[in-house]
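Undergrad: Questions regarding the structure given below will be posed in turn.
The values are calculated or read from the model by the stated rules, or taken from the named source; none is laboratory data. Predicted model, so just to flag it, every value in this text is computed and none were measured. Ideal geometry is used to build each Cβ from the backbone, glycine not excepted, and the neighbour counts take in all protein chains shown. Each accessible area value is taken on the protein alone, full model and side chains, heavy atoms only, with ligands, DNA and RNA left out. Shrake-Rupley method; radii C 1.70, N 1.55, O 1.52, S 1.80 Å.
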Amino acid sequence: MLSNYNISQERNTTSLFGKVDMVALGLYFALVTAGVISIISASYNEEVGSIFSLQHNYMKQILWGGISMLFALVVLLLDRRLFHMFAYPAYICGIGLLIAVLLFGREVNGAKAWFEFGGIRVQPVEFAKIATALMMARVMSDYSFNIKRLPDLAKVAAVIAIPLGIIILQNDTGSGLVLCAFLFVLYREGISKYIYFPVLLTIALFITSFIFTPVVIFTTLFVLFTLYSALKTWAWSAHMRFMALVLLVALLLSTLTSMSGYASLMVVCSIAAVVLVGVALKTRTLKLLWPVAMFVYAMLFVPMCDVIFTKLEPHQQNRILTFVGMKEDPKGIDFNVNQSQIAIGSGGLTGKGFMDGTQIKYGFVPEKHTDFIFCVVGEEWGFLGTMTIIALYIALILRLMKMGERIKEPFGRVYCYSVAAILMFHVWVNVGMTIGLMPVMGIPLPLMSYGGSSLVAFTILIMIAIRLDASTDDDNVYLR
């Protein structure tokens, strides 16, 4: 009996590794290797005697890489059903760790998000992302789940909102925003546009409220929503006359009275919204109610942006203001980004060569081995090097999405898309902030930035997806 069991286990193990997606595994190893090479350039110190000393950050990263390989092997050998079975306990443990670090953790760079054991720091939020992805997959793979039903959607929203709220309390807003990447998963699973669009509108309104005046925002929205209504009802003439009348009355009201342009526009648009609702109900053209509801929501939300902004920390306010161009601080909040842009720009087409980057070597770029590791690639390997790294990330993300599509049951599909969404958000924000297209948020570049917590967590995150994909054709797969 024992010998038969051992033979069976050996066959299963051989079968498993035969099904592992070697392309995804190769992309993972390529990015980890590129990260170690970049960290060597960013952190090598000639004053440290031995090149193999653990005083070097790259040696610590290599050590964490070895530990990550052990975790990867364990994950690939586990029964795939365990991930479904222990999704709830993992999520509860993840929330518990976030609460514990909020109460007892160490504050680093203004965020109370780290445990420290001797000289080792662990950031629980990195592992909470894994737990949240598993919980999302578990909830959305239940037999009775239907994303079109509000109670089911509320469950998913709670799964995301609970860790997000705790992370924000830790003052680690950047890491919390990563959880917003799960909106991509909801879109893939068929969430209604009537829920998805307001979320995108909220984000757009919050950003544009720092760039344009409320009058410009509301006028633009009114024109866009009027055009949308005209397109839906094909009553172009009536809608254009109505839009012109509203804008004309608002202009006359602000000219002939002491009301500001903002106040007069709000008064006239509010009256116009009431009129449109009445017309829609009377003529049963309910398509008009959607743009009217969105416009009314915008009128209510934009004034609240100032209130939300005042609740942010001073350094967060400065990052937003410098990002939108309303404030310049080249020696302060802008310093990191400016130096990063100089480093990447100086790399040219092919770069300066390994360990020959002057901006990196002489310490002009702060956090060069962590959040700004991408500028090391830019300076030393140039445009071709950065495009190669971005291509590797895109290939890995697309591979994860392909894996999700070929998995027959919803748990694996939702999980693979969750991993792809997390990677996509991290890469987009990190690369964007190093070249000045995104505000600095302190988000690492997956698999490349220095840090044991990040490397181990992303390894586990990706390997679970590969493991779920490796047994797609198993007979005991749980189907909805």
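Undergrad: From the backbone phi of the stretch 23-35, what are the Karplus-calculated ³J(HN,Hα) couplings (6.51 cos²θ - 1.76 cosθ + 1.60, θ = phi - 60°) in whole Hz, Gly and Pro given as x?
TA: With the stated coefficients, the stretch 23-35 comes to 5, 4, 5, x, 5, 4, 5, 5, 5, 5, 4, 4, x Hz.
Undergrad: At 0.36 nm per residue, minus the direct Cα-Cα distance, what do Val267 and Ala293 gain on full extension? Give it in nm, one decimal, please.
TA: 7.8 nm
Undergrad: Hey, can you find the accessible area per residue of the stretch 332-397 for me, probe 1.4 Å, expressed in square angstrom?
TA: Roughly 42 Å² per residue, with all protein chains present.
Undergrad: Would you mind telling me the share, in percent, of accessible area of the stretch 101-164 contributed by carbon and sulfur at probe 1.4 angstrom? Each step should come with its number before you reach the end.
TA: Working: 1960 of 3110 Å².
Carbon and sulfur atoms account for 63 percent of the accessible area of the stretch 101-164.
Undergrad: Could I have the simple spin-label model distance between Ile390 and Leu349, label points 7 Å from Cα toward Cβ, reported in nm to one decimal?
TA: For Ile390 paired with Leu349, the spin-label model returns 1.7 nm.
Undergrad: At 0.36 nm per residue, minus the direct Cα-Cα distance, what do Phe71 and Ile168 gain on full extension? Give it in nm, one decimal, please.
TA: This chain segment gains 32.0 nm when fully extended.
Undergrad: On to the next question. Measure off 7 Å from each Cα along the Cα-to-Cβ vector at Thr213 and Ile435, then give the distance between these two points in nanometres to one decimal.
TA: Once both label points are built, they end up 3.4 nm from each other.
Undergrad: Using 0.36 nm per residue of separation minus the Cα-Cα distance, give me the extension gain between Ile342 and Glu107 in nm, one decimal. Provide the component values of the computation, followed by the final result.
TA: Values: separation 235, 0.36 × 235 = 84.60 nm, distance 3.07 nm.
Computed gain between Ile342 and Glu107 is 81.5 nm.
Undergrad: So if we plug the beta-carbon distance of Lys408 and Ser53 into 1/(1 + (r/R0)^6) with R0 = 41 Å, what FRET efficiency do we get, rounded to 0.05?
TA: Approximately 0.25, to the nearest 0.05.
Undergrad: Once you place label points 7 Å from the Cα toward the Cβ at Val275 and Ala30, how far apart are they in nm?
TA: It is 6.0 nm.
Undergrad: Can you grab the distance from the C-alpha centre of the stretch 162-189 to the C-alpha centre of the stretch 85-103, Å, no decimals?
TA: Centre-to-centre (Cα) distance: 15 Å.
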